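Before any comments, here is the structure.
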Amino acid sequence: MMTILEAVPNISEGRNSSLINRVVQAAQSVDGAYVLHTDSNADANRTVITLAGAPESVVKACLKLSRAATDLIDMRHHKGAHPRLGAVDVCPLVPVKNITLQQAAVLAEQLANTVANELSLPVYLYEANATSPDRKLLANIRRGEYEHLPEKLRTFPPDCGPCQWNESIARSGACVIGARPFLIAYNISLNTQEVTPAKEIAAVLREKNGGLKAVRAIGWYMPSYHAAQVSFNLTDYTINGLAQVYQACEQEANKRGLIISGSELIGLVPEQALLEAGHFYMPNSTDKIALLQSAIEHLQLQKIRPFDINERILEYQLNRRLQERT
C-alpha cells in the first residue's frame with residue numbers, strides 16, 4: 001500500500017523568482033518526492049512550497065531544500081509582512097495516507113537533527129514534536145522573530161543545533177520543524193487599507209482569546225492588494241472550516257462598517273474542506289462540482305487572484321503527479 005507524507009516548508013523569500021526556483025529545484029531533484037505547488041507573496045516576502053510522496057524521499061527533499069535556502073537567503077536583509085525566524089522559517093510534516101501523526105513525528109525529529117547537524121542551524125521542535133507545552137505553538141517559538149533571535153538562543157534555546165549567535169546564524173536564522181495534521185492558511189481581504197480593523201477582528205476571532213476553536217489569526221496590510229487582511233490558520237477545519245471563518249469575519253467586519261472584498265487560500269487545500277464549505281451554502285446538494293463552485297463563489301476565492309480547483313486541491317495535484325510517474 002502506498003504511503004504518502006506531505007511537507008510544507010515556508011521559506012523567507014517571495015520576490016526573487018530565480019532564487020525561489022533554485023530552492024524548488026533542489027527539492028525536485030529527489031526521486032519519489034513531488035513538488036505539488038509553490039505559492040509566493042511579495043508583500044509577505046515568503047514562499048509556501050508543498051511537496052509530497054514517499055516519506056523517506058520527502059524528508060530527503062526537505063533537507064536538500066533547506067540546504068539550498070540556507071545558502072541563498074540572507075536573513076540580515078529580509079523584510080516582509082509575515083512573521084519569520086529564519087531562511088527556512090518552518091517545515092511541517094503532514095501525514096496523508098497510510099502513515100500516522102506519530103510516525104510523521106519520528107521522521108520530523110530525524111529531519112530536525114540532520115538539518116541541525118549538517119547545516120549548523122538552530123532547530124526548534126513544535127506541534128507533535130514539542131518538547132514542552134510552551135513549544136507546541138509556532139507563534140510561541142517565533143515570538144520576537146528573527147530580530148530577537150540572539151536573545152532567544154540564550155533564554156529559549158533550540159532543541160537541536162547551535163545555541164550561540166554567530167555570523168552563520170545571523171545569515172540563516174533558525175528553523176522550526178515538527179509533525180502536524182492538515183492546516184489551512186486562509187486570508188480574507190477587507191475594503192480598507194487601515195490595518196487596525198484587521199488586527200481587531202483577528203484578536204476577536206482567534207481561539208486563544210476566546211474566539212473560534214482551532215483558529216489562529218493575525219491582521220496585516222498587503223500593499224499589492226491595497227487592502228488590509230485578516231490572515232487565518234485553520235488547524236482543524238472539521239471544527240471550524242472556511243465557511244464558518246468567512247461568516248464570522250464578515251460579521252465582525254460589518255460591525256466596523258466594512259465588507260469583505262475577497263479571500264485567498266495559501267498553498268493547497270484538501271478537497272473535503274472545500275466540499276464542507278459548499279455544503280454550508282448548499283446543504284441539500286450532492287453534486288460535487290456544484291458544491292466546489294458554490295464554495296469558490298461564496299468565499300470570493302476568485303476576487304483576489306484566479307482559483308483553479310485542479311491546481312489548488314491537494315488530492316488532484318497529488319494524483320496527477322502519481323499518474324505522470326506511471
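Does any residue of segment 11-32 turn out to be part of a strand (DSSP E or B) and touching a residue at least 60 places away in the same chain (Cβ under 8 Å)? Don't jump to the end; show me each part of the working.
Looking only at segment 11-32, we keep the residues that are part of a strand (DSSP E or B), and these are 11.
Subsequent filtering for residues that are touching a residue at least 60 places away in the same chain (Cβ under 8 Å) retains 11.
Scanning segment 11-32 turns up at least one residue that is part of a strand (DSSP E or B) and touching a residue at least 60 places away in the same chain (Cβ under 8 Å).
Remark: pairs (first residue in segment 196-221, touching a residue at least 24 places away in the same chain (Cβ under 8 Å) and on the phi > 0 side of the Ramachandran plot; second residue among the acidic types (Asp, Glu) and outside any helix (DSSP H, G or I); Cβ separation under 7 Å; 6+ apart in sequence or on different chains) = Ala214/Asp236. Consider only pairs whose beta carbons are under 7 Å apart and that are at least six residues apart or on different chains; among these, list those whose first residue lies in segment 275-296 and is outside any helix (DSSP H, G or I) and whose second residue is modelled with pLDDT of 95 or more and crowded, with 19+ Cβ neighbours inside 10 Å. Between residues of segment 275-296 that are outside any helix (DSSP H, G or I) and residues that are modelled with pLDDT of 95 or more and crowded, with 19+ Cβ neighbours inside 10 Å, the close pairs are Met282/Leu291; Met282/Ser294; Ser285/Leu291.
Quick check: is even one residue across segment 62-74 within 17 Å of the chain's Cα centre (by Cα), closer than 26 Å to Gln229 by Cα and surrounded by 17 or more Cβ atoms within 10 Å (Cβ to Cβ)? Scanning segment 62-74, I find no residue that is within 17 Å of the chain's Cα centre (by Cα), closer than 26 Å to Gln229 by Cα and surrounded by 17 or more Cβ atoms within 10 Å (Cβ to Cβ), so the answer is no. Remark: Arg15 falls outside the filter, which requires a residue to be of a type in the set (Lys, Arg), crowded, with 19+ Cβ neighbours inside 10 Å, modelled with pLDDT of 95 or more and not assigned by TED's automatic domain parsing to the domain that holds Glu315.
Here Asn233 fits the description: surrounded by fewer than 20 Cβ atoms within 10 Å (Cβ to Cβ) and either assigned to a strand (DSSP E or B) or in contact (Cβ under 8 Å) with a residue 40 or more places away in the chain (or both). Taking the criterion of being more than 21 Å from Phe182 (Cβ to Cβ), assigned to a loop (DSSP other than H, G, I, E, B) and either among the small types (Gly, Ala, Ser) or touching a helix residue (DSSP H, G or I) at 6+ places or on another chain (Cβ under 6 Å) (or both), would at least one residue in segment 239-248 satisfy it? Looking through segment 239-248, none of the residues is more than 21 Å from Phe182 (Cβ to Cβ), assigned to a loop (DSSP other than H, G, I, E, B) and either among the small types (Gly, Ala, Ser) or touching a helix residue (DSSP H, G or I) at 6+ places or on another chain (Cβ under 6 Å) (or both). Could you check how many residues of segment 43-96 are touching a residue at least 24 places away in the same chain (Cβ under 8 Å), out of contact with any strand residue (DSSP E or B) (no Cβ under 6 Å at 6 or more places or on another chain) and either in a helix (DSSP H, G or I) or not assigned by TED's automatic domain parsing to the domain that holds Gly14 (or both)? The total comes to 11.
Within segment 138-148, take every residue that is in contact (Cβ under 8 Å) with a residue 12 or more places away in the chain and under 17 Å from the mean Cα position of the chain (by Cα) and give me the one that is surrounded by the fewest Cβ atoms within 10 Å (Cβ to Cβ). The qualifying residue surrounded by the fewest Cβ atoms within 10 Å (Cβ to Cβ) is Ala139.
The values are calculated or read from the model by the stated rules, or taken from the named source; none is laboratory data. Keep in mind it's a predicted model, so treat the numbers as computed, not measured. Note that we place each Cβ from the backbone using ideal geometry, even for glycine, and neighbour counts take in every protein chain shown.
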